[in-house]
Amino acid sequence: MIYKGNVWKFGRDIDTDAIIPARYLKTSDPVELGKHCMEDADPEFMNKMSKDDIIVADENFGCGSSREHAPIAIKAAGISCVIAKSFARIFYRNAINMGLAILESPEAVDGIKAGDEVQVDTDKGEITNLTTGNIYQAKPFPEFISNIIKQGGLINYTKEKVKAQAK
């Protein structure tokens, strides 16, 4: 899959409470969660970002609780993918389960600046900074993870698999 957007840069240890503050967890409505995405990390984020933009962050993105609301909020906000030096393991799995593309690439994080335009090819694991022309490598998704993301998450992927097996 190909994603293209402008970059929003965040530091290390962005926890799930910074991604979607606990005060908004009274709902599981993705649209409502998306309205408050990254609010505690950057209160103006949702007013400034555009659909398909990309988050680039340092180490340990998504640390903290195991709440799946965090990747739901990111995806519902319109962020196309997240690139980080590393992700908290439970966030990584929750992101895949929710159909949010995430890639680990320390070199890309170091070479990309806020506001740069970036194109991401998850099938090749290629991250191209369209602003500078620099190309970075991330590990491409295995086919089954790529299929989960293409289907919009694990639930949709499973539904499609069950339909296919029923035929």
Restricting to Cα pairs under 8 Å and 6 or more apart, the percent relative contact order of the chain works out to 23
Taking the alpha-carbon centre of each part, the distance from region 98-132 to region 32-96 in Å is 15
With +1 on the Cβ of every Lys and Arg and -1 on the Cβ of every Asp and Glu, the dipole magnitude of the chain about its Cα centre, in debye rounded to the nearest 20, is 740
Row for the chain, column shape: gyration tensor on C-alpha, a ≥ b ≥ c, rounded if a/c < 1.5 i.e. under 1.5, prolate if a/b over b/c, else oblate; value oblate
Counting only DSSP beta bridges fully inside the chain, the antiparallel percentage to nearest 5 is 45
Under 5 Å from the placed amide H of I83, counting only residues 5+ away or on other chains, we find I55, V56, A57, L103
Simple spin-label estimate for E160/S50, 7 Å along Cα→Cβ, in nm, reads 2.8
Cross-link reach from K48 to lysines, straight Cα distance under 21 Å and at least 8 residues apart if same chain, gives K4, K9, K35, K75, K113
Most packed first (mean Cβ within 10 Å per residue), the peptides 88-97, 47-56 order as 88-97, 47-56
Calculated from DSSP helices alone, with each H run of at least 4 adding -39500 (n - 2.57) and the total divided by the residues of the chain, [θ]222 nm to the nearest 500 comes to -9000 deg cm²/dmol
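Here, each number is a calculation from the coordinates, and none is a lab measurement. Everything numeric here is computed off the predicted structure, so don't read it as measured data. Every residue, glycine among them, receives a Cβ derived from its backbone with ideal geometry; neighbour counts consider all protein chains shown.
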